[in-house]
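Participant: Take a look at the following structure, please.
The values are calculated or read from the model by the stated rules, or taken from the named source; none is laboratory data. Everything numeric in this text was worked out from a predicted model, so none of it was measured. With ideal geometry, Cβ positions are generated from the backbone for all residues, glycine too; neighbour counts draw on all protein chains shown. These area figures cover heavy atoms from the full protein model, side chains too; ligands, DNA and RNA do not enter into them. Shrake-Rupley method; radii C 1.70, N 1.55, O 1.52, S 1.80 Å.
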Amino acid sequence: MADDVVWPDELFADLDRTGPVPLYFQVSSRLEAAIRSGQIPAGARLENEIAIGQRLGLSRPTIRRAIQELVDKGLLVRRRGIGTQVVQGQVTRQVELTSLYEDLQSTHHEPGTRVLAHDTRPAADDVAQALGVAVGTDIVYIRRQRSTDGVPVAVLENYLPPEFSDITTEQLEGRGLYQILRGRGVTIRIANQKIGARRAHGDEGELLDIDRTGPVLTMERVAYDSSGRAIEYGHHCYRPDMYSFETTLVAK
């Protein structure tokens, strides 16, 4: 577990306790600047609100509001059993034909993967339809927990055609799925994608370190190779405080 971060004394040395700028905003602004500059690194854990308040001579409600400002911006996360932890900011993902692993790397986040399941199983109706195979055909099932800078951000479920049954767990732990497929000569050309939201269910709350039935963002995708064959079917869920989708709209 990370140690509590100790920031330089000068970070809060010039708080204006009598001026018009609220103290919570001054604290929040200084913490934000320190996080964005790397002075307080990703993964660092803040002291609890009472301890910070005592150090700065401020009330607990003031500290709580300052911290909540940064939680809302995706710079801090509250983790059960750990406390308040620094992250690199919310992951904003362009709606493009890329994998989450690649998106994290391209935005200078450190992706982590925990493989929860990796096996071959008969295709259910919805999976068979998505992949264009007969119901009951043995397909590859993969379930992973994806983290960024040590903080869980997504639970990913993917189904692949049977010829990919030789993909190893070690490969999945060290690379993104699309990277693995491209390394095998697969060219992913197009995908149908649906974005939504729902309540967490099953073990998703625990895996994402949120309330058991807290809200999650969802994405469902069927990707096709250059021949038009379905090559991957996935449905994923994401922490809404750590993740967002972004797209550009053009008027006709």
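Participant: Take the conditions without any contact (Cβ under 8 Å) to a residue 40 or more places away in the chain, charged (D, E, K, R) and surrounded by 15 or more Cβ atoms within 10 Å (Cβ to Cβ) and apply them to Arg143. Does it pass?
Facilitator: Working: without any contact (Cβ under 8 Å) to a residue 40 or more places away in the chain: yes; charged (D, E, K, R): yes; surrounded by 15 or more Cβ atoms within 10 Å (Cβ to Cβ): yes.
It is true that Arg143 is without any contact (Cβ under 8 Å) to a residue 40 or more places away in the chain, charged (D, E, K, R) and surrounded by 15 or more Cβ atoms within 10 Å (Cβ to Cβ).
Participant: Taking the conditions exactly as written (modelled with pLDDT under 90 and not aliphatic (A, V, I, L, M)), does Glu204 satisfy them or not? Break it down stepwise before answering.
Facilitator: Values: modelled with pLDDT under 90: no; not aliphatic (A, V, I, L, M): yes.
Taking the combined requirement at face value, the residue does not satisfy it.
Participant: A follow-up question, please. Just one of Tyr233, Tyr224, Tyr238, Tyr243 is surrounded by 15 or more Cβ atoms within 10 Å (Cβ to Cβ) and in contact with a helix residue (DSSP H, G or I) (Cβ under 6 Å, 6 or more places away or on another chain); which is it?
Facilitator: Numbers: Tyr224 fails: in contact with a helix residue (DSSP H, G or I) (Cβ under 6 Å, 6 or more places away or on another chain); Tyr238 fails: in contact with a helix residue (DSSP H, G or I) (Cβ under 6 Å, 6 or more places away or on another chain); Tyr243 fails: in contact with a helix residue (DSSP H, G or I) (Cβ under 6 Å, 6 or more places away or on another chain).
Answer to the selection: Tyr233.
Participant: Okay, next question. Restricted to segment 187-212, and to residues that are over 23 Å from Arg80 (Cα atoms) and among the basic types (Lys, Arg), which residue is most open to solvent (accessible area, probe 1.4 Å)?
Facilitator: Selected residue: Arg189.
Participant: In segment 22-44, what residues are in contact with a Ser or Thr (Cβ under 7 Å, 6 or more places away or on another chain) and not aliphatic (A, V, I, L, M)?
Facilitator: Result: Tyr24, single match.
Participant: Among the numbered conditions (1) under 24 Å from Gly83 (Cα atoms); (2) surrounded by 19 or more Cβ atoms within 10 Å (Cβ to Cβ); (3) free of Cβ contacts under 8 Å to residues at least 40 places away in the same chain, tell me where Pro215 comes up short.
Facilitator: Tallying (1) under 24 Å from Gly83 (Cα atoms); (2) surrounded by 19 or more Cβ atoms within 10 Å (Cβ to Cβ); (3) free of Cβ contacts under 8 Å to residues at least 40 places away in the same chain, Pro215 fails exactly one: (2).
This table checks each residue for (1) modelled with pLDDT of 90 or more; (2) among the basic types (Lys, Arg).
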site	(1), (2)
Glu163	yes, no
Arg175	no, yes
Ala191	no, no
Gly196	yes, no
Ile210	no, no
Thr218	yes, no
Val250	no, no
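Participant: Of all residues in segment 184-221 being among the basic types (Lys, Arg) and not in a loop (DSSP other than H, G, I, E, B), which is nearest to Arg78 (Cα to Cα)?
Facilitator: Taking segment 184-221 first, the residues among the basic types (Lys, Arg) are 184, 189, 194, 198-199, 212, 221.
Now drop any that are not not in a loop (DSSP other than H, G, I, E, B), which leaves 189, 194, 198-199, 221.
Values: Arg189: 39, Lys194: 29, Arg198: 21, Arg199: 19, Arg221: 30 Å.
Per the stated criteria, the residue is Arg199.
Participant: Just need a number here: residues in segment 64-119 that are modelled with pLDDT under 85, under 23 Å from Arg221 (Cβ atoms), part of a strand (DSSP E or B) and not hydrophobic (A, V, I, L, M, F, W, C).
Facilitator: Matching residues across segment 64-119 total 4.
Participant: Here's a follow-up. Could you tell me how many of the residues in segment 27-46 are in contact (Cβ under 8 Å) with a residue 24 or more places away in the chain and either of a type in the set (A, V, I, L, M, F, W, C) or over 19 Å from Asp149 (Cα atoms) (or both)? Write out each step before concluding.
Facilitator: Initially, segment 27-46 is screened for residues in contact (Cβ under 8 Å) with a residue 24 or more places away in the chain, giving 27-28, 31-32, 34-36, 39-46.
This time we only want the ones that are either of a type in the set (A, V, I, L, M, F, W, C) or over 19 Å from Asp149 (Cα atoms) (or both), so: 27-28, 31, 34-35, 40, 42, 44, 46.
Qualifying residue count, segment 27-46: 9.
Participant: Quick check on segment 4-42: of everything there that is of a type in the set (Val, Ile, Thr) and closer than 22 Å to Gln85 by Cβ, which residue is modelled with the lowest pLDDT? Steps first, please.
Facilitator: Here is the first cut: in segment 4-42, the residues of a type in the set (Val, Ile, Thr) are 5-6, 18, 21, 27, 35, 40.
Checking the rest, the ones that are also closer than 22 Å to Gln85 by Cβ come to 5-6, 27, 35, 40.
Working: Val5: 63, Val6: 59, Val27: 89, Ile35: 81, Ile40: 82.
Here the residue is Val6.
Participant: Could I ask something else about it? Here are some conditions: (1) of a type outside the set (Phe, Trp, Tyr); (2) over 25 Å from Gly136 (Cα atoms); (3) assigned to a helix (DSSP H, G or I); (4) modelled with pLDDT of 90 or more. Leu181 meets all but one. Which one does it not meet?
Facilitator: (2)
Participant: Just one of Glu170, Glu157 is open to solvent by 30 Å² or more (accessible area, probe 1.4 Å) and in a strand (DSSP E or B); which is it? Walk me through how you get there before you give the answer.
Facilitator: On the way: Glu170 fails: in a strand (DSSP E or B).
The unique qualifying residue is Glu157.
Participant: Then there is this: Which of the numbered conditions does Ile195 fail, given that it passes all the others? Conditions: (1) over 16 Å from the mean Cα position of the chain (by Cα); (2) of a type in the set (Val, Ile, Thr); (3) within 26 Å of Val216 (Cβ to Cβ).
Facilitator: Of everything listed in (1) over 16 Å from the mean Cα position of the chain (by Cα); (2) of a type in the set (Val, Ile, Thr); (3) within 26 Å of Val216 (Cβ to Cβ), Ile195 misses just condition (1).
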